[in-house]
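Taking it in order: structure first as structure tokens, then the write-up.
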Amino acid sequence: MSGGDDAAPLLVAGEWERAGEPFAACAAGDGPVVGHTFHALPEQLDRATTGAVRAFDGTRRSASYERGELLRRAAELIAADVEGLARTLAAEIGKPINDARLEVRRTATTFRMAGEEAERIGGEMLPLDLLPSARGRWGITRHLPIGPVAAITPFNVPLSLSAHKLAPALAAGCTVVLKPDSRAALTLLRLAGLLVEAGVPAGALSMLPMSTSVGDRMVTDDRFRMVSFTGSARAGWDIRSRAGTKKVTLELGGNAPVIVDETADVAHAVARTVAGGFKYAGQLCISVQRAFVHRAVWDEFVGGLVKGAEALTVGAPLDENTQVGPMISVAAADRIRSWVDEAVSGGARLLTGGAGDGAYVAPAVLEQVPATARVAAEEAFGPVVVVSPFDDVDAAFAAADATPYGLQAGYFTRDLHRTWRAFEALEFGAVIINDVPTFRVDNMPFGGVKSSGLGREGIRWTIADMSEQRLLVLAPE
Ligand code: NAD
């Protein structure tokens with residue numbers, strides 16, 4: 001292990017520091033060392049927090065054109081570094097290189113959009129003369145930045161999910177201490193370098209890989225006005241219960257369903273489900289985990305899905321042809337293999353996949369899975385799709401809904417009346433027609449209901465969450 005000159009420094013309140021607890025960043029799947037950096041110590045977090053409080057005095061007064069220019073410059077620098085960021089990302093978290101490039105491009109787009117939104121943060125003028133005693137009164141509202149934000153992000157889409165906190169925070173005039181997942185630390189420190197180059201004010205951003213226990217100090221530190229968390233439901237709801245008076249937003253897990261009825265374009269549904277179920281080895285909060293398929297199109301859909309899963313190229317993340325890489329760790333792959341075994345022992349039929357060495361798991365399709373098997377009932381977060389037949393689409397809506405989670409649901413159909421029924425019936429943050437629940441672009445409101453979270457991300461909505469509305473009441477003399 002090295003904490004030497006080749007180790008990536010931490011960004012602590014505007015200073016680059018080769019200090020902290022040294023750790024070696026390893027490739028996904030318990031692979032070889034790909035670089036070195038540090039875990040921040042409590043003392044470094046404390047300085048970062050003080051820096052965020054001090055810098056807020058400047059950022060809250062900054063002009064919208066300054067915020068806009070900063071964010072657009074950041075977008076340009078990110079777009080110019082697609083290859084460097086993508087290769088670091090692929091090496092660290094095992095994301096296939098082509099998907100990693102896409103994530104970097106999305107990140108640039110998110111900063112560019114935030115630059116535009118920064119110049120549109122307005123307010124309202126309201127008549128307040130609703131009673132004789134209020135005659136002549138008017139109200140003016142402004143959206144002012146909430147304050148220093150503690151941001152916490154997971155390993156699986158680390159650039160894009162961090163961008164969904166950093167870019168709106170800077171647009172709103174907030175300051176941020178970001179704790180990226182340690183497994184994506186090198187990628188996020190590289191992004192921090194680009195943001196500093198773009199001109200982020202000293203102290204407005206600290207980028208601190210930390211142990212979970214050190215990071216947890218942010219949850220109860222009242223110098224932060226908000227905790228913006230993306231990660232597991234278990235951690236998220238616990239954080240909310242201890243965050244005191246801070247605002248908390250939670251983007252958590254799911255076990256997303258897709259429904260395919262007898263009117264659907266089945267070939268399209270198959271192609272999209274193969275991508276939505278197995279992209280990044282299923283390690284997405286909106287990965288397709290459960291597919292409900294009308295009996296009339298069952299053979300065509302399930303046959304196509306199995307064929308599509310078997311045709312995917314499983315391999316090393318930096319290989320240009322790879323479509324499915326390793327899981328994040330051997331332990332994660334072992335868990336998936338054991339969940340598949342559990343389902344099969346309970347009576348399920350494994351139609352393809354499920355096996356593999358080390359961190360690799362061949363894309364798996366299962367049928368006749370007992371409802372209580374973990375691979376159906378819990379969040380799998382792996383390359384597994386459970387298929388179930390239906391005769392009545394309303395029963396399929398109910399089955400899709402029978403989960404504590406509610407991020408996004410997909411529904412393939414050509415029936416307009418059923419489209420509307422699905423929109424009413426499916427208790428999810430979004431209902432995606434003729435695509436998988438895995439669909440996301442960065443200007444849409446994104447988030448979950450029930451166990452899946454609290455609040456919506458997407459630049460406009462996050463800026464609103466990171467702002468407080470202040471009202472000025474004007475009364476005549
Ligand atoms: P996790 O909750 O274990 O960890 C996520 C991050 O939070 C890590 O950086 C971790 O160190 C940190 N963390 C956890 N508890 C903390 C605490 N008390 N204080 C400070 N930091 C803390 O999640 P994971 O298993 O690594 O990631 C996968 C999960 O994230 C899945 O459940 C997935 O669905 C979810 N996820 C959700 C979204 C979304 O937008 N809804 C997106 C991606 C991933």
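Inside region 99-121, can you point out the residues that are in a helix (DSSP H, G or I) and farther than 20 Å from Gln283 by Cα?
If the condition is that a residue be in a helix (DSSP H, G or I) and farther than 20 Å from Gln283 by Cα, then Ala108, Thr109, Thr110, Phe111, Arg112, Met113, Ala114, Gly115, Glu116, Glu117, Ala118 are the ones that fit.
Of all the residues that make up region 158-189, how many are surrounded by fewer than 24 Cβ atoms within 10 Å (Cβ to Cβ) and more than 25 Å from Ser213 (Cβ to Cβ)?
Adding up the residues that qualify gives 1.
Which residues, counting only those in region 138-157, are assigned to a strand (DSSP E or B), open to solvent by 10 Å² or more (accessible area, probe 1.4 Å) and under 12 Å from Met466 (Cα atoms)?
Selection gives His143, Leu144, Pro145.
If you scan region 91-108, which residues turn out to be surrounded by fewer than 19 Cβ atoms within 10 Å (Cβ to Cβ) and small (Gly, Ala, Ser)?
Passing the criteria: none in range.
I need a count of the residues in region 321-361 that are assigned to a loop (DSSP other than H, G, I, E, B) and of a type outside the set (A, V, I, L, M, F, W, C).
Residues that pass the stated criteria total 14.
Pick out the one residue from Thr438, Thr462 that is under 15 Å from the mean Cα position of the chain (by Cα), in a helix (DSSP H, G or I), touching a residue at least 24 places away in the same chain (Cβ under 8 Å) and within 16 Å of the ligand (Cβ to nearest atom).
Thr462 is the lone residue from the list that is under 15 Å from the mean Cα position of the chain (by Cα), in a helix (DSSP H, G or I), touching a residue at least 24 places away in the same chain (Cβ under 8 Å) and within 16 Å of the ligand (Cβ to nearest atom).
Is it true that some residue in region 217-224 is open to solvent by less than 10 Å² (accessible area, probe 1.4 Å) and outside any helix (DSSP H, G or I)?
Checked region 217-224: at least one residue is open to solvent by less than 10 Å² (accessible area, probe 1.4 Å) and outside any helix (DSSP H, G or I).
Results for (1) open to solvent by 10 Å² or more (accessible area, probe 1.4 Å); (2) at pLDDT below 95; (3) within 16 Å of the ligand (Cβ to nearest atom), shown as yes or no for each residue.
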{"site": "Thr263", "(1), (2), (3)": "yes, no, no"}
{"site": "Ala267", "(1), (2), (3)": "yes, no, no"}
{"site": "Ala281", "(1), (2), (3)": "no, no, yes"}
{"site": "Ala291", "(1), (2), (3)": "no, no, no"}
{"site": "Leu305", "(1), (2), (3)": "no, no, no"}
{"site": "Gly308", "(1), (2), (3)": "yes, no, no"}
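Taking Glu378 as meeting all but one of (1) open to solvent by 60 Å² or more (accessible area, probe 1.4 Å); (2) more than 14 Å from the ligand (Cβ to nearest atom); (3) charged (D, E, K, R), write down the number of the exception.
Result: Glu378 fails condition (2) only.
The values are calculated or read from the model by the stated rules, or taken from the named source; none is laboratory data. Since the structure is predicted, the reported quantities are computational estimates derived from the model, not experimental observations. Cβ atoms come from the backbone with ideal geometry, glycine included; neighbour counts cover every protein chain shown. Side chains are part of the model used for accessible areas, which takes the heavy atoms of the whole protein and leaves out ligands, DNA and RNA. Shrake-Rupley method; radii C 1.70, N 1.55, O 1.52, S 1.80 Å.
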